[in-house]
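A.B. asks: Let me give you the structure first, and then I'll get to my questions.
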Amino acid sequence: MLDHLLLRSFVAVADCGNFTRAAERLHLTQSTVSQQLRRLEDSLGCRLLDRSARQVRMTAEGEQLCSYARRILALHDEADDVLRNRQSDGVLRLGVPEDFAAERLMPLLADFTEAQTSVRLEITSGLSPELLRQYREGQFDLLLSKQMNPGNDCLAAWPEPLCWVDSRSRPAWQREPLALVVFATGGLYRQEMIQTLEIQARIWRISYSSTSLAGVCAAVAAGLGISLLPRRVLQAEHQIIDGLPVIEGMHLVLYARPNLSPAGSALRERLYQLCLEQAGSRP
């Protein structure tokens with residue numbers, strides 16, 4: 001049986017890339033964390049971490065274990081929370097794309113948390129492809145995601161119109177090579193941008209990359225390059241570029257597990273209504 005204490009140390013080292021910072025996070029000594037990792041590796045009969053580089057990295061076996069470890073620890077913490085507090089209705093886990101309506105989503109979630117005091121809501125924000133992978137691995141109860149041409153396993157999907165965006169005061173569209181402001185590797189908009197420019201035989205370079213919508217919007221407004229963004233996030237400092245093909249097929253997608261608790265069903269309905277209002281149309 002996998003010891004959750006050993007798994008917690010392993011995940012901390014994997015996240016921090018360093019035994020010292022992992023020990024600080026866990027409030028343990030560095031030698032204790034190191035010993036726990038050795039015990040875990042010995043029990044599994046394989047190396048989980050590559051310690052040869054300055055920053056500790058996971059081996060292939062470590063990467064495989066890490067996903068399971070996170071789920072095991074999440075279930076352990078949920079069970080501990082429910083059993084210690086018998087009035088608790090458990091944990092609801094929600095995944096949301098970083099660029100989705102923070103100014104409207106956050107108040108909704110805050111109101112839900114205030115109303116549902118017996119539920120612990122855990123929210124993870126990130127890139128849609130990774131969030132969708134985690135949902136299908138069972139790590140979320142509810143998920144808002146961005147997808148090109150979503151399949152039939154979602155609860156509902158709404159079109160998310162995209163447009164090419166440039167700075168109004170310092171346009172970058174005519175520069176050679178064309179400077180791009182993109183989301184981090186794995187982001188949907190990044191892939192669509194590069195594929196379209198390759199088809200157009202346009203010479204390009206990435207001038208700015210970020211996981212933050214605010215960072216991408218600010219970089220475009222400052223004139224660091226052009227980007228592909230949802231129309232709804234455009235700012236006064238932006239202008240739409242008409243000289244590139246329209247990218248269609250992007251959707252905002254809602255996923256929900258069957259047999260949600262009453263609180264989970266209530267949150268699902270709130271998210272559904274928010275998406276309706278955001279998209280301005282039926283799914």
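The values are calculated or read from the model by the stated rules, or taken from the named source; none is laboratory data. Values in this document were obtained by computation on a predicted structure and should not be read as measured data. Backbone-built Cβ (ideal geometry, glycine too); neighbour counts: all protein chains shown.
A.B. asks: Among the helices (runs of 4 or more DSSP H) confined wholly to segment 1-80, which include 2 or more residues that are out of contact with any Lys or Arg (no Cβ under 9 Å at 6 or more places or on another chain) and more than 25 Å from ARG120 (Cβ to Cβ)?
C.D. replies: Of the helices (runs of 4 or more DSSP H) lying wholly inside segment 1-80, those with at least 2 residues that are out of contact with any Lys or Arg (no Cβ under 9 Å at 6 or more places or on another chain) and more than 25 Å from ARG120 (Cβ to Cβ) span 19-26, 30-44.
A.B. asks: Name the residue that is nearest to LEU274 (Cα to Cα), counting only residues in segment 122-157 that are among the aliphatic types (A, V, I, L, M) and surrounded by fewer than 16 Cβ atoms within 10 Å (Cβ to Cβ).
C.D. replies: Of everything passing the filter in segment 122-157, ILE123 is nearest to LEU274 (Cα to Cα).
A.B. asks: Taking segment 217-239, which residues are touching a residue at least 40 places away in the same chain (Cβ under 8 Å) and either charged (D, E, K, R) or under 22 Å from HIS251 (Cβ atoms) (or both)?
C.D. replies: SER227, LEU228, LEU229, PRO230, ARG231, ARG232, VAL233, LEU234, GLU237, listed by residue number.
A.B. asks: From LEU229, LEU260, grab the single residue that is out of contact with any Ser or Thr (no Cβ under 8 Å at 6 or more places or on another chain), closer than 22 Å to ASP141 by Cβ and of a type in the set (A, V, I, L, M, F, W, C).
C.D. replies: Checking each option against the conditions leaves just LEU260.
A.B. asks: Filter segment 168-216 down to residues that are in a loop (DSSP other than H, G, I, E, B) and in contact with a Ser or Thr (Cβ under 6 Å, 6 or more places away or on another chain), then give me how many there are.
C.D. replies: Total meeting the criteria: 1.
A.B. asks: Moving on. Pick out the one residue from ALA69, ALA60 that is closer than 25 Å to GLU137 by Cα, modelled with pLDDT of 80 or more and exposed (fewer than 13 other Cβ atoms within 10 Å of the Cβ).
C.D. replies: After applying the criteria, what remains is ALA60.
A.B. asks: Looking at (1) surrounded by fewer than 18 Cβ atoms within 10 Å (Cβ to Cβ); (2) within 20 Å of LEU131 (Cα to Cα); (3) touching a Gly at 6+ places or on another chain (Cβ under 8 Å), which is the one condition that is false for ALA256?
C.D. replies: With respect to (1) surrounded by fewer than 18 Cβ atoms within 10 Å (Cβ to Cβ); (2) within 20 Å of LEU131 (Cα to Cα); (3) touching a Gly at 6+ places or on another chain (Cβ under 8 Å), ALA256 is out only on (1).
A.B. asks: In the set GLU122, GLU103, which member is among the charged types (D, E, K, R) and modelled with pLDDT of 85 or more?
C.D. replies: Exactly one residue qualifies, and that residue is GLU122.
A.B. asks: Next up: Can you pull out the residues in segment 216-237 that are within 25 Å of the chain's Cα centre (by Cα) and surrounded by fewer than 19 Cβ atoms within 10 Å (Cβ to Cβ)?
C.D. replies: Selection gives ALA218, LEU224, ARG231, ARG232, VAL233, LEU234, GLN235.
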